[in-house]
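For reference, the structure discussed in these notes is given below.
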Amino acid sequence: MASYDVLREIVGNGSNLVLSSGVSYDLIRELAATAKRTGAKLTVTTSVSYDLLRELSAAYGNTITFVDGLDNFKKD
């Protein structure tokens, strides 16, 4: 996994980012705000708290894409 600084730089450059593993909620919020500012799209799994999902959806709308059921694709 890339370091948090690299993730910030990717989104800061306007590139889209898919987060398929866990990162801190504060980082997700920061990346979402950066994505909204730069026009990037951020994709996160729905395996985070429902309150955070609602918060992100309300605050960032189309900037955020949610993937549900990603846990079903884990390797054995």
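Among the residues of this structure, Thr43 counts as one that is out of contact with any helix residue (DSSP H, G or I) (no Cβ under 6 Å at 6 or more places or on another chain) and either surrounded by 12 or more Cβ atoms within 10 Å (Cβ to Cβ) or of a type in the set (S, T, N, Q) (or both). Looking at Val44, Val11, Val48, just one residue is modelled with pLDDT under 95, β-branched (Val, Ile, Thr) and touching a strand residue (DSSP E or B) at 6+ places or on another chain (Cβ under 6 Å), and that residue is Val44. Considering (1) of a type outside the set (Phe, Trp, Tyr); (2) at positive phi; (3) touching a helix residue (DSSP H, G or I) at 6+ places or on another chain (Cβ under 7 Å), the lone condition that Gly61 does not fulfil carries the number (3).
The values are calculated or read from the model by the stated rules, or taken from the named source; none is laboratory data. Just so it is clear, the model here is predicted, and its values are computed rather than measured. Using ideal geometry, Cβ is built from the backbone for each residue, glycine included, and neighbour counts are taken over all protein chains shown.
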